[in-house]
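Okay, so here's the structure we're looking at.
The values are calculated or read from the model by the stated rules, or taken from the named source; none is laboratory data. Because the structure is predicted, anything quoted here is derived from the model rather than measured. Note that we place each Cβ from the backbone using ideal geometry, even for glycine, and neighbour counts take in every protein chain shown. For the accessible areas, the whole protein counts, side chains as well, though only heavy atoms, and no ligand, DNA or RNA atoms are used. Shrake-Rupley method; radii C 1.70, N 1.55, O 1.52, S 1.80 Å.
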Amino acid sequence: MPLHPTILAALLAACILAGTTACSTPAPAPPKPPLFVRLGGMPGLTAVVDDFVSKVSVDRRSKRSFEGVNLIRLKASVVAHVCALSGGPCEYKGDPMALAHQGMAISKEELSVMGHYVDQALRRQGVAPEDREALESMLDKLGPEVLNK
(Lines give C-alpha, C1' and ligand atoms only; values in the text may rest on other atoms or scores of the structure.)
Protein backbone atom coordinates (compact mmCIF):
# COMPACT_ATOMS: atom_id res chain seq x y z
CA MET A 1 0.00 0.00 0.00
CA PRO A 2 1.57 3.33 -1.04
CA LEU A 3 2.22 5.94 1.63
CA HIS A 4 0.03 9.00 1.68
CA PRO A 5 2.04 12.06 0.49
CA THR A 6 1.56 13.80 3.85
CA ILE A 7 2.97 10.80 5.74
CA LEU A 8 5.87 10.54 3.28
CA ALA A 9 6.63 14.25 3.69
CA ALA A 10 6.53 13.90 7.50
CA LEU A 11 8.95 10.96 7.36
CA LEU A 12 11.35 12.87 5.13
CA ALA A 13 11.17 15.91 7.42
CA ALA A 14 11.89 13.71 10.45
CA CYS A 15 14.92 12.26 8.69
CA ILE A 16 16.22 15.70 7.79
CA LEU A 17 15.71 17.00 11.33
CA ALA A 18 17.34 13.89 12.81
CA GLY A 19 20.43 14.49 10.73
CA THR A 20 22.61 11.43 10.36
CA THR A 21 20.73 8.99 12.54
CA ALA A 22 18.50 6.13 11.50
CA CYS A 23 17.70 7.57 8.08
CA SER A 24 21.26 7.67 6.83
CA THR A 25 23.99 5.12 6.47
CA PRO A 26 26.40 5.02 9.38
CA ALA A 27 29.87 6.42 8.92
CA PRO A 28 32.44 3.73 8.24
CA ALA A 29 34.43 2.59 11.22
CA PRO A 30 37.84 4.22 11.48
CA PRO A 31 40.63 2.03 10.12
CA LYS A 32 42.42 -0.20 12.60
CA PRO A 33 45.86 0.98 13.61
CA PRO A 34 48.74 -1.15 12.31
CA LEU A 35 49.38 -4.42 14.11
CA PHE A 36 52.60 -2.89 15.47
CA VAL A 37 50.53 -0.35 17.42
CA ARG A 38 48.06 -3.01 18.57
CA LEU A 39 50.99 -5.06 19.90
CA GLY A 40 51.92 -2.15 22.15
CA GLY A 41 54.38 -0.36 19.89
CA MET A 42 58.08 -0.70 20.56
CA PRO A 43 57.74 -1.22 24.35
CA GLY A 44 55.15 -3.98 23.92
CA LEU A 45 56.98 -5.68 21.09
CA THR A 46 60.30 -5.54 22.95
CA ALA A 47 58.68 -7.07 26.04
CA VAL A 48 57.16 -9.91 23.98
CA VAL A 49 60.44 -10.69 22.21
CA ASP A 50 62.47 -10.53 25.44
CA ASP A 51 59.94 -12.85 27.10
CA PHE A 52 59.80 -15.55 24.44
CA VAL A 53 63.49 -15.54 23.47
CA SER A 54 64.48 -15.78 27.14
CA LYS A 55 62.28 -18.86 27.52
CA VAL A 56 62.82 -20.66 24.20
CA SER A 57 66.60 -20.27 24.52
CA VAL A 58 66.68 -22.32 27.76
CA ASP A 59 63.94 -24.86 27.05
CA ARG A 60 65.51 -28.34 26.77
CA ARG A 61 63.59 -28.93 23.53
CA SER A 62 65.01 -25.90 21.72
CA LYS A 63 68.05 -24.54 23.57
CA ARG A 64 70.59 -26.25 21.27
CA SER A 65 69.62 -23.78 18.53
CA PHE A 66 70.66 -20.88 20.77
CA GLU A 67 74.01 -22.20 22.01
CA GLY A 68 76.69 -19.61 21.32
CA VAL A 69 74.14 -17.06 20.10
CA ASN A 70 74.39 -13.47 21.33
CA LEU A 71 70.86 -13.22 22.76
CA ILE A 72 70.96 -9.43 23.10
CA ARG A 73 71.77 -9.07 19.39
CA LEU A 74 69.22 -11.75 18.47
CA LYS A 75 66.46 -10.01 20.44
CA ALA A 76 67.23 -6.68 18.76
CA SER A 77 67.12 -8.33 15.34
CA VAL A 78 63.82 -10.11 16.08
CA VAL A 79 62.29 -6.87 17.37
CA ALA A 80 63.33 -5.04 14.17
CA HIS A 81 62.01 -7.86 11.97
CA VAL A 82 58.65 -8.17 13.73
CA CYS A 83 58.35 -4.38 13.88
CA ALA A 84 58.79 -4.16 10.10
CA LEU A 85 56.45 -7.11 9.43
CA SER A 86 53.72 -5.66 11.63
CA GLY A 87 53.62 -2.19 10.06
CA GLY A 88 55.95 -0.45 12.48
CA PRO A 89 58.56 2.18 11.65
CA CYS A 90 61.50 -0.25 11.66
CA GLU A 91 63.55 -1.45 8.74
CA TYR A 92 64.82 -5.01 9.07
CA LYS A 93 68.40 -5.17 7.86
CA GLY A 94 69.18 -8.72 8.90
CA ASP A 95 69.65 -11.74 6.70
CA PRO A 96 66.69 -13.42 5.03
CA MET A 97 65.31 -16.15 7.30
CA ALA A 98 66.60 -19.01 5.14
CA LEU A 99 70.15 -17.63 5.24
CA ALA A 100 70.01 -16.72 8.94
CA HIS A 101 68.99 -20.28 9.82
CA GLN A 102 71.07 -22.12 7.21
CA GLY A 103 72.80 -25.21 8.59
CA MET A 104 70.98 -25.04 11.94
CA ALA A 105 68.74 -28.02 11.16
CA ILE A 106 65.89 -26.56 13.19
CA SER A 107 63.16 -29.13 13.67
CA LYS A 108 59.42 -28.67 13.49
CA GLU A 109 59.30 -29.42 17.22
CA GLU A 110 61.73 -26.58 17.96
CA LEU A 111 59.66 -24.24 15.82
CA SER A 112 56.53 -25.38 17.65
CA VAL A 113 58.18 -24.69 21.02
CA MET A 114 59.00 -21.19 19.83
CA GLY A 115 55.41 -20.68 18.67
CA HIS A 116 54.18 -21.74 22.09
CA TYR A 117 56.42 -19.22 23.85
CA VAL A 118 55.45 -16.45 21.42
CA ASP A 119 51.78 -17.10 22.14
CA GLN A 120 52.36 -17.16 25.90
CA ALA A 121 54.36 -13.91 25.77
CA LEU A 122 51.62 -12.21 23.75
CA ARG A 123 49.03 -13.37 26.28
CA ARG A 124 51.12 -12.11 29.22
CA GLN A 125 51.45 -8.77 27.45
CA GLY A 126 47.64 -8.59 27.14
CA VAL A 127 47.52 -8.69 23.34
CA ALA A 128 43.99 -9.27 22.00
CA PRO A 129 43.26 -12.72 20.54
CA GLU A 130 42.74 -11.40 16.99
CA ASP A 131 46.07 -9.56 17.15
CA ARG A 132 47.86 -12.64 18.52
CA GLU A 133 46.43 -14.63 15.61
CA ALA A 134 47.51 -11.96 13.11
CA LEU A 135 51.10 -11.97 14.36
CA GLU A 136 51.26 -15.74 14.66
CA SER A 137 49.99 -16.03 11.09
CA MET A 138 52.77 -13.71 9.89
CA LEU A 139 55.36 -15.73 11.77
CA ASP A 140 53.95 -19.05 10.53
CA LYS A 141 54.66 -17.92 6.97
CA LEU A 142 58.35 -17.72 7.87
CA GLY A 143 58.37 -21.35 9.05
CA PRO A 144 59.48 -22.95 5.78
CA GLU A 145 62.42 -20.53 5.55
CA VAL A 146 63.45 -21.14 9.16
CA LEU A 147 63.25 -24.89 8.55
CA ASN A 148 65.14 -24.37 5.26
CA LYS A 149 62.41 -26.16 3.30
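Using R₀ = 30 Å, calculate the FRET efficiency as 1/(1 + (r/R₀)^6) where r is the Cβ-Cβ separation of Asn148 and Val58; round to 0.05. That gives a FRET efficiency of 0.80. Largest first, the residues Asp50, Asp131 sort by 1.4 Å accessible area into Asp50, Asp131.
Extending 7 Å from Cα along the Cβ direction at Ser107 and again at Arg123 yields two label points whose distance is 2.4 nm.
For the pair segment 53-80 and segment 106-131, the centres of their Cα atoms are 14 angstrom apart.
In a fully extended conformation the segment linking Asp140 and Asp95 would gain 14.4 nm over its present Cα-Cα distance, using 0.36 nm per residue.
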